[in-house]
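Report on the following structure.
The values are calculated or read from the model by the stated rules, or taken from the named source; none is laboratory data. Everything numeric in this text was worked out from a predicted model, so none of it was measured. A quick note on method: Cβ atoms are made from the backbone with ideal geometry, for glycine too, and the neighbour counts reach across all protein chains shown. In case anyone asks, the SASA skips ligands and DNA or RNA and just uses the protein heavy atoms, side chains included. Shrake-Rupley method; radii C 1.70, N 1.55, O 1.52, S 1.80 Å.
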Amino acid sequence: LIANVALRRVLDSRGNPTVEADVLTESGGFGRAAAPSGASTGEYEAIELDPAKAIAAAREHAIPRLVGDAHAGNQREVDAALHAADGTDDFSGIGANSAVAISMAAAKAGADVLGAPLYQHLGGTFRGESFPTPLGNVVGGGEHAKEATHIQEFLAAPVGAPSVSEAVFANAAVHARISELLDERGVPAAKGDEGAWAPPISDAEAFEVVDEAVSDTESELGFEIRFGLDMAAAELYDEDAGGYVYGDEVKSTAEQVDYVAEMVAEYDLVYVEDPLDEDDYEGFAELTDRVGDRTLICGDDLFVTNVGRLRDGIDAGAANSILIKPNQIGTLSDAFDAIELARENGYETVVSHRSGETEDTTIAHLAVATDAGFIKTGTVGGERTAKLNELIRIADDAV
Ligand code: PGA
Ligand code: ZN
């Protein structure tokens, strides 16, 4: 049984406060986890409260339901208690930030009681031996960097890497190669919130640079590397402007679908996340129909890790993969339910960080536990390498 839950404010990677939870069990098991935080947040996500308010609300409502009552190793029981304590359907009572920190910390305490690594506690002893391909953010802008590309993320995808370690290093090599190519072009580049280069260049030029860096790295390393995008198009979409705003240019929905389909064909993109607005199931379905064979069309703001919204998407034929962010829905159990529904319906799962992160490594374990095809967790920067290095350790049986 859970003996104590401690909550505190700690820093996230943007320097903002976030919620950290410690869970201690009666038998001495211990787990600690912290909530990440988005910038291009989906409209339908569970509600993140001001951390101080989230902590106060969780202390008042959630901790009394957990201490002495819930087993850390029984994730469904812990997460049901969090829902009951919250009393809303979007975690606006205790905050999704308090909920997800406690949910993940309890999972770690449960694993600690078992003496098992977290991925094994979550995935079971007989889980598969496959590892996710890391999607590495190498160039980006949007809400993650000012005066950079309109497209939020250009993502390296080392799909042919023989091991997760070689995949992680491949993404770092693409990131480094891009720095050289930008230098050659005389383009200065700071880094955005996720450590990607944030150069003041057009999207068209970014496609060229990333394509060249990916080809160069592919030749150097000798296995297939493709790339993809997170367009975060809900941030580009402006109904009053009549469509998707790229600086002075506005694309209608039909033009946006054509543009994405053309880029998929020209650059053999392996992955396109949120190519359309978060309410446009129809547009997602049309695009998926057009490009879906060799390309994952992924719903992030569209699905927000929410089983109900995923079910609507499945009915509409919208997308063929789902981004999984535990803090979008508030608990690991809810995230698992979304993963399960996706899998039953042939949707690929992509476990993901947020633009505001901590050193927490839970998502690396979640991706391995659930046999996710991909994990999106950046390329460089300590809060990103925390997850990538954990993947390498898991593959090495060293956690
Ligand atoms: P966010 O961005 O964490 O700022 O929402 C990540 C994403 O859109 O995938
Ligand atoms: Zn996204």
- Phi to ³J(HN,Hα) by Karplus 6.51 cos²θ - 1.76 cosθ + 1.60 over segment 114-124, Hz, x for Gly, Pro: 6, x, 10, x, 4, 4, 6, 4, 6, x, x
- Using a 1.4 Å probe over the heavy atoms of the protein chains, calculate the carbon and sulfur portion of the accessible area of segment 241-399 as a whole percent. 42
- Item | Placed amide H near V250: partners under 5 Å, 5+ positions off or other chain | none
- Which percent, nearest 5, of DSSP beta bridges in the chain are antiparallel? 60
- With each pseudo-label sitting 7 Å past Cα toward Cβ, what's the L341-T88 distance in nm, one decimal? 2.1
- Task: Determine, from the Cβ-Cβ distance of E282 and A80 and an R0 of 51 Å, the FRET efficiency 1/(1 + (r/R0)^6), rounded to the nearest 0.05.
- Result: 0.90
- Phi-derived 3J(HN,Hα) across segment 98-107 with the Karplus relation (6.51, -1.76, 1.60, θ = phi - 60°), rounded Hz, x for Gly and Pro, is 5, 4, 5, 5, 5, 4, 6, 5, 5, 4
- Given a 1.4 Å probe, how much area per residue of segment 297-344 is accessible, in Å²? 26
- Built amide H within the under 5 Å cut-off of F374, gap 5+: T133, T349, V351
- How about segment 101-158: which trypsin sites (Lys or Arg not before Pro) there lie in a loop by DSSP and see at most 15 other Cβ atoms within 10 Å? R127, K146
- Message: Rolling a 1.4 Å sphere over the protein heavy atoms, what is the accessible area per residue of segment 85-144, to the nearest Å²?
- Response: 32
- List the residues whose amide H sits under 5 Å from the amide H of A72, counting only those 5 or more places along or on another chain, with H placed 1.01 Å from N in the peptide plane. I2
- Message: Spelling out what I want: for every residue of segment 318-335, take phi, set θ = phi - 60°, compute 6.51 cos²θ - 1.76 cosθ + 1.60 (Karplus), and round to whole Hz; glycine and proline get x.
- Response: 8, 6, 9, 7, 10, 7, 10, 10, x, 6, 5, 10, x, 9, 5, 4, 5, 5
- Task: Please work out the ratio of the alpha-carbon Rg of the chain to 2.2 N^0.38 Å and round it to two decimals.
- Result: 0.95
